[in-house]
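Reviewing the structure listed below.
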Amino acid sequence: MLSLQEQFQQTFGRAPTVIARAPGRIEFIGNHTDYNGGAVLGAAIDRYVWVAAAPNAAGRFRLQSHGGAKPLDLPAVPAARLTGAESWANYPLGVWRSLGDFKLPQPAGFDLFITSDLPAGAGLSSSAALELATALALLELAGSEPIAPEQLAALGRHAENNYVGVPCGILDQGTSAFGRAGQLVHIDCRGPYFSRVPLPAGTHLWIFNTREKHALIDGLYATRHRECLEAAQTLGVARLADLTPAQFRPLEPKLTPELARRAKHVIEEHARVGDTVAALQRGNLPAVGRLLTASHRSSQHLFENSTPALDRLVDLLEKHPAVYGARLTGGGFGGAVMALTREDFSMAEAEAIAAQAAPRPDLIHLQSADGAAVVR
Ligand code: ADP
Ligand code: MG
């Protein structure tokens, strides 16, 4: 296969002047806590989006993604969103526009080539990786000083919220910006405030992707979001994560049984993120694993954002002695289960578990990785 430099050369007839890359991420624990003012732990993973770029002296904007027939060639960055087969370009073009919104330098024209080993749309956040790698490459072309990872994350999120139209929280971009091999990224979503927590050595991460997607997924998200806001309002707090489980217990009868389940999930999940940080700091991996699996059971029974296929995978993984814990990762209603395992958990063992689930999930073996950076 051609290298990224060679692909760039073939497409644009010269060499790139910069290459940046940004990792995908998994949600380690902290399910639907972000918009409730809670905490979340993410891991940047060793799957990336790479962006090679060079200035375009004619002031044109040329973009090509690996596998595309020919580059998109625009005289200016369009104000309206692109649709259909060109809609992927809203991410890099939205980043260019966001640079202006953030009062950061923008290159007057650019040639851009994207490659990736991160499956798109699998819940591993290829979109944030694309935004961050693009931002770093364009800043380099514009001769900018390096920017802080907080600003990089905010810029990527701004592009996705405003120029792609996805109302994502800060987990995806924050984890891709702050990731570090051997560490998890802790985000207190009220700030957001970012920090890192060491992930003890000898652990590996696995993704079992069911590829199922609930037909009503957007509506279900919106419903859960509304239920959480309604519960907080009834309980008299700005955000559900403002309450501890002990404070919540006597208030629970104020809510309908359904809203009580939603609130209990969020409040206990926020507490579980804190407990997970403490268990990681003690190096107590079995305790970390129990918290991960407890998070899943809470999704299954209280937040009701799991599916039978995700539950089945967690049931199977929970029984395996080399698996510390497993849970659905991301919004739910389909998608993937992540597992934290000992390093001796093998691909053959993962395959054996996948073979017992129907339909058979895709397997991805991962390790934690460094965050977005210019690599050349
Ligand atoms: P996720 O972030 O979980 O992978 P999203 O739906 O948020 O899923 O983002 C996927 C979208 O990001 C794709 O549909 C595409 O528009 C864009 N994208 C991701 N990777 C690439 C790539 N390598 N080249 C072009 N576009 C990409
Ligand atoms: Mg995404």
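Principal-axis analysis of the Cα atoms of the chain puts helix 217-235 at an angle of about 50° to the longest axis. Sorting 156-167, 251-262, 339-350 by their mean Cβ neighbour count within 10 Å, with the most densely packed peptide first, gives 156-167, 339-350, 251-262. Once the Cα atoms are used to define both axes, helix 285-298 deviates from the longest principal axis of the chain by about 80 degrees. Taking 0.36 nm per residue of separation and subtracting the Cα-Cα distance, full extension of the segment from ALA108 to ALA120 would add 1.4 nm. Stretching THR17 away from ALA85 to a fully extended chain increases their span by 21.7 nm, per 0.36 nm per residue minus the current alpha-carbon distance. Compute the long axis of helix 90-101 from its Cα atoms, compare it with the longest principal axis of the Cα atoms of the chain, and write down the angle in degrees, 0 to 90, nearest 10. It works out to around 80 degrees. For segment 4-145, the extents of the C-alpha atoms along the principal axes are 47, 33, 32 Å, listed from largest to smallest.
Once you list every other residue whose beta carbon is under 11 Å from the beta carbon of VAL374, what net charge do they have if Lys and Arg are +1 and Asp and Glu are -1? Here the charged neighbours net out to +1. Using the rule -39500 (n - 2.57) for each DSSP H run of four or more residues, divided by the residues of the chain, the 222 nm mean residue ellipticity is -11500 deg cm²/dmol. Split the accessible area of the chain by element, probe 1.4 Å, and carbon with sulfur accounts for 53%.
For GLY24, the shell of other residues with beta-carbons less than 15 Å away shows a net charge of -4, using +1 for Lys and Arg and -1 for Asp and Glu. Solvent-accessible surface of the chain, taken per residue with a 1.4 Å probe and all protein chains present: 41 Å².
Quick check: Cα centre of segment 228-299 to Cα centre of segment 40-77, how many Å? Distance between centres, Cα-based: 40 Å. In this simple spin-label approximation, THR256 and VAL374 carry label points 7 Å from Cα along the Cα→Cβ vector, and these lie 5.5 nm apart.
What you get for the chain, charging only the Cβ of Lys and Arg (+1) and of Asp and Glu (-1), is a dipole of about 240 debye around the Cα centre. Spacing of the modelled spin labels on SER3 and ALA76, each 7 Å from Cα toward Cβ, amounts to 3.9 nm. The packing ranking, built from the mean of other Cβ atoms within 10 Å per residue, places the peptides 106-118, 56-68 in the order 106-118, 56-68, highest first.
Projecting label points 7 angstrom from Cα along Cα→Cβ for ALA57 and GLU343 puts them 5.1 nm apart. DSSP beta bridges confined to the chain are antiparallel in about 90 percent of cases. At 20 °C and 1.002 mPa s, grab the translational diffusion coefficient of the chain from Stokes-Einstein with a Kirkwood Rh over Cα pairs, rounded to a whole number in µm² per second. Here the translational diffusion coefficient equals 100 µm²/s.
Phi-derived couplings, Karplus 6.51 cos²θ - 1.76 cosθ + 1.60 at θ = phi - 60°, listed residue by residue for segment 329-337: 10, x, x, x, 6, x, x, 10, 9 Hz, with x used for Gly and Pro.
Between the amide H of VAL375 and those of ILE19, ALA20, ARG21, distances stay under 5 Å, these residues lying 5 or more places away or on another chain, with hydrogens modeled in the peptide plane. Classify segment 201-366 as rounded, prolate or oblate from the Cα gyration tensor: take a ≥ b ≥ c as the square roots of its eigenvalues, call it rounded if a/c is under 1.5, otherwise prolate when a/b beats b/c and oblate if not. Here segment 201-366 falls in the oblate category.
The values are calculated or read from the model by the stated rules, or taken from the named source; none is laboratory data. This structure is a prediction, so every number in the text was calculated from the model and none was measured. Reconstructed Cβ throughout: ideal geometry from the backbone, glycine too, with neighbour counts over all protein chains shown. What goes into the accessible areas is simple: the full protein's heavy atoms, side chains included, and nothing from ligands, DNA or RNA. Shrake-Rupley method; radii C 1.70, N 1.55, O 1.52, S 1.80 Å.
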